[in-house]
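Note sheet for the following structure.
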Amino acid sequence: MNKTIETLLNHRSIRSFTDERLTEEEVRTLVKCAQAASTSSYVQAYSIIGVTDREKKTRLAELAGDQSYVEKNGHLFVFCADLKRHDYIAQKAGENHQEAFENTEAFLISVIDAALAAQNLSVAAESMRLGICYIGGLRNQLAEVSELLETPSYVLPLFGLVVGHPANSSSQKERLPMELIYHENTYQQDETHVDRYLKEYDEHISSYYEERSQGERKDTWSEQMIRGFRQPKRAYLSEFVKEKGFNRK
Ligand SMILES: Cc1cc2nc3c(=O)[nH]c(=O)nc-3n(C[C@H](O)[C@H](O)[C@H](O)COP(=O)(O)O)c2cc1C
């Protein structure tokens, strides 16, 4: 197994970091790696905001639902969908591309670009023996996050990514069986197939939790998903995304 595959297969989120900050050089290397990711039609429709200001980090940790590791880490990155540069260029050229920027395709392109860049940064960080954790909790209150980071129209914060020196390690969470994720030629809808692999996985996850909690927690992956999707989350987002100039058409 080569080192890259080893790094990828060894992933687990880290939520406890030492006080050691990332060096400027480490941050630059990580951002360079993020930028090396593929990007739809070369548009590079994202920005990364590094947050080093202590007060801002404290406030972001609160906004993310009191996640202490948003405050205490080696570096906090916030990934944003960003078509602002593209709007600026168009305007300088005397053109108006509003309709193109505001359609669903442009929104998807920006979000996909940001996610690919973030995952490149994550893998690079893990290859440097740093730990990472994504922070979707920032979407709890995006208006406040946006105000704090001064993100204008056509710049939409999507998620945070904390990186740092792990204070302790965490265990790995086993993924769904490949048979449920990978389909060949057509989408596999056979319920017997789905049931078989889900049952296996649920049993496995249930005993994993049971073992880790000395018998107190027993739930399965399916139960977690049913609970998680019972109610729509962050329903305000569809309006907020539009307010920021994305996905209007
Ligand atoms: C976009 C995104 C947002 C996430 N947001 C949070 C978060 O706010 N807080 C957190 O502790 N973990 C967060 N996570 C981490 C996931 O919970 C984690 O990746 C998942 O449970 C699998 O565990 P693993 O990464 O250790 O394998 C997020 C992951 C992603 C991809």
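Within the range 93-202, the trypsin sites (Lys or Arg not before Pro) that combine a DSSP coil assignment with at most 11 other C-beta atoms in a 10 angstrom radius are 129, 173, 175. Under the classification rounded if a/c is under 1.5, otherwise prolate if a/b is larger than b/c and oblate if not, where does the range 170-239 fall, given a ≥ b ≥ c as square roots of the Cα gyration tensor eigenvalues? Oblate, because a/c is 1.5 or more while a/b does not exceed b/c.
The string of couplings for the range 20-31 from the Karplus curve (6.51, -1.76, 1.60, θ = phi - 60°) is 5, 7, 5, 6, 4, 5, 4, 4, 4, 4, 5, 5 Hz, one whole number per residue in order, with x for Gly and Pro.
Each residue, residue 11 and residue 193, gets one label point 7 Å from its Cα in the Cβ direction; the gap between the two is 2.4 nm. Once the Cβ-Cβ distance of residue 119 and residue 3 is raised to the sixth power relative to R0 = 22 Å, the FRET efficiency obtained is 0.80. Under 5 Å between amide hydrogens, built in the peptide plane, is the criterion, and for residue 22 it picks out 75 among residues at least 5 positions away or on other chains. Under 5 Å between amide hydrogens, built in the peptide plane, is the criterion, and for residue 50 it picks out 78 among residues at least 5 positions away or on other chains.
Taking R0 as 51 Å, what's the FRET efficiency between residue 185 and residue 54 from their Cβ-Cβ distance, rounded to 0.05? About 0.45, to the nearest 0.05. Taking the Cα centre of the chain as reference, the dipole from Cβ charges on Lys and Arg (+1) and Asp and Glu (-1) amounts to some 440 debye. Here the Kirkwood formula puts the hydrodynamic radius of the range 76-152 at 14.6 Å, using every distinct Cα pair.
Here the spin labels are modelled as points 7 Å beyond Cα on the Cα-Cβ line, and at residue 104 and residue 178 they lie 3.3 nm apart. Its relative contact order, with pairs defined as Cα atoms under 8 Å and 6+ residues apart, puts the range 97-249 at 33 percent. Amide H contacts of residue 16: 167, 168, each under 5 Å away and 5 or more positions distant or on a separate chain (H built 1.01 Å from N in the peptide plane; Pro and chain starts excluded). Could you tell me which GluC sites (Glu not before Pro) in the range 160-220 are loop residues by DSSP with no more than 10 other beta carbons within 10 angstrom of their beta carbon? Those that pass, being in a loop and sparsely packed, are 184, 216. Against the main long axis of the alpha-carbon atoms of the chain, helix 104-127 sits at an angle near 60°. Taken one residue at a time, the phi angles of the range 180-190 give Karplus couplings (6.51, -1.76, 1.60, θ = phi - 60°) of 8, 9, 9, 10, 10, 6, 9, 6, 7, 10, 4 Hz. Gly and Pro are set to x. Over all orientations, the range 128-189 has a Cα convex hull whose mean projected area works out to 8.4 square nanometres. Considering helices alone, the calculated mean residue ellipticity of the chain at 222 nm is -14000 deg cm²/dmol, with DSSP H runs of length four and up weighted by -39500 (n - 2.57) and normalised per residue. Remark: 16, 153, 122, 171 ranked as 171, 153, 16, 122, counting other beta-carbon atoms within 10 Å and listing the fewest first. Could I have the simple spin-label model distance between residue 21 and residue 235, label points 7 Å from Cα toward Cβ, reported in nm to one decimal? Spacing of the two 7 Å Cα→Cβ label points: 4.3 nm. Between residue 218 and residue 170, the FRET efficiency estimated from the beta carbon spacing at R0 = 30 angstrom works out to 0.90. Computed as a quarter of the hull surface, the mean projected area of the alpha carbon convex hull for the range 116-230 stands at 11.3 nm².
Coordinate-derived values only; no laboratory data. Every value quoted in this text rests on a predicted model; they were computed, and no experiment measured them. All Cβ positions, even for glycine, are placed from backbone atoms using ideal geometry, and neighbour counts span all protein chains on display.
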